[in-house]
Structures are given as structure tokens and as C-alpha cells.
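Coordinate-derived values only; no laboratory data. Keep in mind that what you see is a predicted model, and the values were worked out from it rather than measured. In this analysis, Cβ positions are derived from the backbone assuming ideal geometry, glycine residues included, and neighbour counts consider all displayed protein chains.
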Protein chains: 2
Amino acid sequence: MAYAVERFAAQGYHPTSVSEIVAGLGVGKGVFYWYFDSKEQLFLEILKEAQTDLRRRQQQAIADEPDPVRRIELGLRASMAWSEEHRAHNQLIQFAATEATFADALRRGQEVAVADVVKHIKEAMAAGLVADADPDIVAHAMVGVAAYLTQTFIHERGEPADEVADACVAFCLRGLLGG
Amino acid sequence: MAYAVERFAAQGYHPTSVSEIVAGLGVGKGVFYWYFDSKEQLFLEILKEAQTDLRRRQQQAIADEPDPVRRIELGLRASMAWSEEHRAHNQLIQFAATEATFADALRRGQEVAVADVVKHIKEAMAAGLVADADPDIVAHAMVGVAAYLTQTFIHERGEPADEVADACVAFCLRGLLGG
DNA sequence: GGGTTTCTTGACCGCGCAGTCAAGTGACCG
DNA sequence: CGGTCACTTGACTGCGCGGTCAAGAAACCC
């Protein structure tokens, strides 16, 4: 499965054939269809596993941090660190968003992640730590910042995740004007 | 070409065949290969046209606004308005980022757009209107916010672009803490 | 009208795909 | 030792793809 992730990420889902995957692993095609129903199902499995893994990583990072703002910060940092280590998975997640077949499965996972962030934002607002705004929008905005900075600076330019995360957190908290 | 854009966006680039495109238009395959070298070249053409069109729209919106911060705001609003009107193109741009064949062509265009934003940010920093930070990172962060909010709220949830743009600008300027 | 160029058709080609299956292989059980 | 079952193989099938091309049709000039 790890090999399939690598191939999908390197060439794209459609251009990667099942024959190529099994040949690269040195096994017969039968093995593939013994463990998976189809190429599509394999991809969905990969997607689900990636989302679960990322979520676990975020939960661990947050652990029992009491400050909601700091929880958001730790979550952002965790997701960027995860993306740095799982470049290929990240690319597949991005692809999944563009194909109707996978978009639904993806969205369900994303919504769970965003809901977590929303929870922290609401708590922070209630405590007066944070300006009033639609928590849903703010949550998506932060996910967007993290996704884009990860893509450009960590994956394309190879900069260290923690430095990019610093900049990401600074921007998310204070914006352009710098509070 | 407009029909191809619609099909690519609806089903994905690979699952859409040239036969399907020409059948949908009620013409023969020869017409397609008379006007385009290949399916790939058609996609690149679409991509280029979309980027050019978006850029023109932004330039018009900015026109001769003197305040650099306001120029950034107008640029964000223009790109969100464009995305609302060009939902399908938006999806193709997202797909292009995931396929090695198109990623280069896409990146070249994106860099031009980001460079524009960077220019305004630098000007704003020099004028002391904006906190010091790496302009390149800030520019990508804002593009990320706009992209994500557009995708989720305008395309998936069908909310009006100007309201989402208000929230986007507010977040980009002041961040979570609200300055 | 005859000749040339521009555009259009759709049957056709070779290919490589996702998925199938008859024929094993070998571990384990009674 | 024979029988069963979990797993593996790779040749094979049918299909639909991207792309080609011989055969026109329509527009235009002389």
C-alpha cells in the first residue's frame, strides 16, 4: 500500500496502472485483487488511513493543553509536521478533492477536522481571548493558510516545517496588520 | 473549449475522453485534432487562458488605487468574484496542481500572481502600514485563505461571494485575535 | 467550370487498461 | 498421506482510449 501511495503521488492516480503497482512490488495481479476489490477501493483506503493518522497526530499534540488558542496553534503545527513527513499522502488528498468519486469521502474527513478547530475557536471566543467572527469561516481560513504554506514552502521549496509553522501561526493569529 | 472545461470539471481530466467531448458537441474527432495537437495541449490552453483572464480581472479591480493595503483587498475580492463565476476553471486549476504534467505550467502562472501581491505587501511595509514579516509567506498565506474559503463556502455551500470575501479580508488583515 | 485550400467526417488502429480465472503452491489438519 | 484451505500466479479478455487518415464538402480564386 505504501508503494501504491508513492506511485499515485508521483504520476497521478489515473496514469498509474494496477499492473505497474504489482510489477513494482514483484507480485502477481491476483494478490492485489485478493486484498482489494478494485483500484478505486485501494485509493479510498489510503485516503481514510491518511485522515485517521493525521487526526491522531493532532489529538496527541493537543493532548490536554488548557488554553484553546494554544490548542489551535499546536494543531496547526502538528498538521504541518505531519504533511512534511507525508508529502505523498498530502498530494493524494489534494487530488481527491478534484475527482467527484473521491470528493465525498474526503469531505467527510475534512469536516471532522474542521469541527475540532471550530470547537476550540468557540471556546476561545467565549473566554474573550479572540475577536468575534464566524468560527466556521475562521477555521477554514486557517486550514487554507496551513495547506497552502505547506504546499509551497515545505514541499516545493523544502524549507523546514517548524519555521514555516512559526510564520503560519503568526499570520493566523495576527493577520497582515500584525495586531 | 467551454464544453471541454465543463466536462473536465464535472468528471475529471482523465475520465473525460476526447470522443465524449466531440460527441457532446456533435462534431467529428477530426475537428478536435485540427484545432488542437492533443488532449494535453487542450488542457494547457484552458489553463493558460484561465490564468490570463483572472489576472486581467485583478489588474482591472486594482486599477489605480493608491493604497497598497487596499490594493491587496481589492485583489482578493476580485479573485473570489472570478472564482464564483468560473467554478469549473477553478476546479481544473486545483487538479493541475496534482499532476506532474501540468504542475509546472500552473506554477509559472501562480508565481506571477503571487509576485504581484508581494509587490503590494513590500510597498505597504515600507510605508509602515503593515507589520514586518516575510512578504512571500504572507502572500501565499492570503492566497491560501482565499482559495480555501472560495472552495468551501462559495462552491460547496453556495454562499454569496461578497459576504465570503468580507470575512476573508477581515481574517487576512487582522487574523484570529482581531488586532 | 476546374483547381486549390480549408475544414470536417467517422471508421479504424494499436495499445494498455481494469479486472478475471484456471492452475498451481505449500502450510496445516486428521 | 490425502484432503482442505489460504493464498498466489500471469496469461488472458473485453473494452475504450488517444490519435490517424482516406475520403469528402464547402468556400474561394482564376
Hey, does the range A:127-140 have a residue that's on the phi < 0 side of the Ramachandran plot and more than 14 Å from every other protein chain (Cβ to nearest Cβ)?
no
Test B:Lys122 against the stated conditions and say whether it is touching a Pro at 6+ places or on another chain (Cβ under 9 Å), over 24 Å from B:Gly158 (Cα atoms) and away from DNA strand D (no atom under 16 Å from the Cβ).
yes
Is it fair to say A:Arg56 is without any contact (Cβ under 8 Å) to a residue 12 or more places away in the chain and under 14 Å from the mean Cα position of the chain (by Cα)?
yes
Being farther than 26 Å from B:Ile137 by Cα and more than 10 Å from chain A (Cβ to nearest Cβ) is true for just one of B:Ser19, B:Ser79. Which residue is that?
B:Ser19
Out of curiosity, is A:Ala147 within 8 Å of another protein chain (Cβ to nearest Cβ), small (Gly, Ala, Ser), in a helix (DSSP H, G or I) and within 17 Å of B:Ala133 (Cα to Cα)?
no
Condition broken by A:Ala4, with the remaining ones in (1) surrounded by 15 or more Cβ atoms within 10 Å (Cβ to Cβ); (2) part of a loop (DSSP other than H, G, I, E, B) satisfied
(2)
Inspect the range A:101-124 for any residue being facing another protein chain (nearest Cβ under 7 Å), in a helix (DSSP H, G or I) and basic (Lys, Arg) and give the result as yes or no.
no
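Would you be able to tell me the number of residues in the range A:89-109 that are within 11 Å of the chain's Cα centre (by Cα) and under 20 Å from A:Ile154 (Cα atoms)? Before the answer, list the steps.
Step one: filter the range A:89-109 for residues within 11 Å of the chain's Cα centre (by Cα), giving A:89-94, A:106, A:109.
Imposing the further condition that a residue be under 20 Å from A:Ile154 (Cα atoms) reduces the set to A:89-94.
Final tally of qualifying residues: 6.
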Condition first: loosely packed, with under 12 Cβ neighbours inside 10 Å, within 10 Å of DNA strand D (Cβ to nearest atom) and outside any helix (DSSP H, G or I). Now tell me which residues in the range B:15-68 satisfy that.
B:Gly28, B:Asp37, B:Ser38
A:Ile93 within 14 Å of chain B (Cβ to nearest Cβ), away from DNA strand C (no atom under 16 Å from the Cβ) and of a type in the set (A, V, I, L, M, F, W, C)
yes
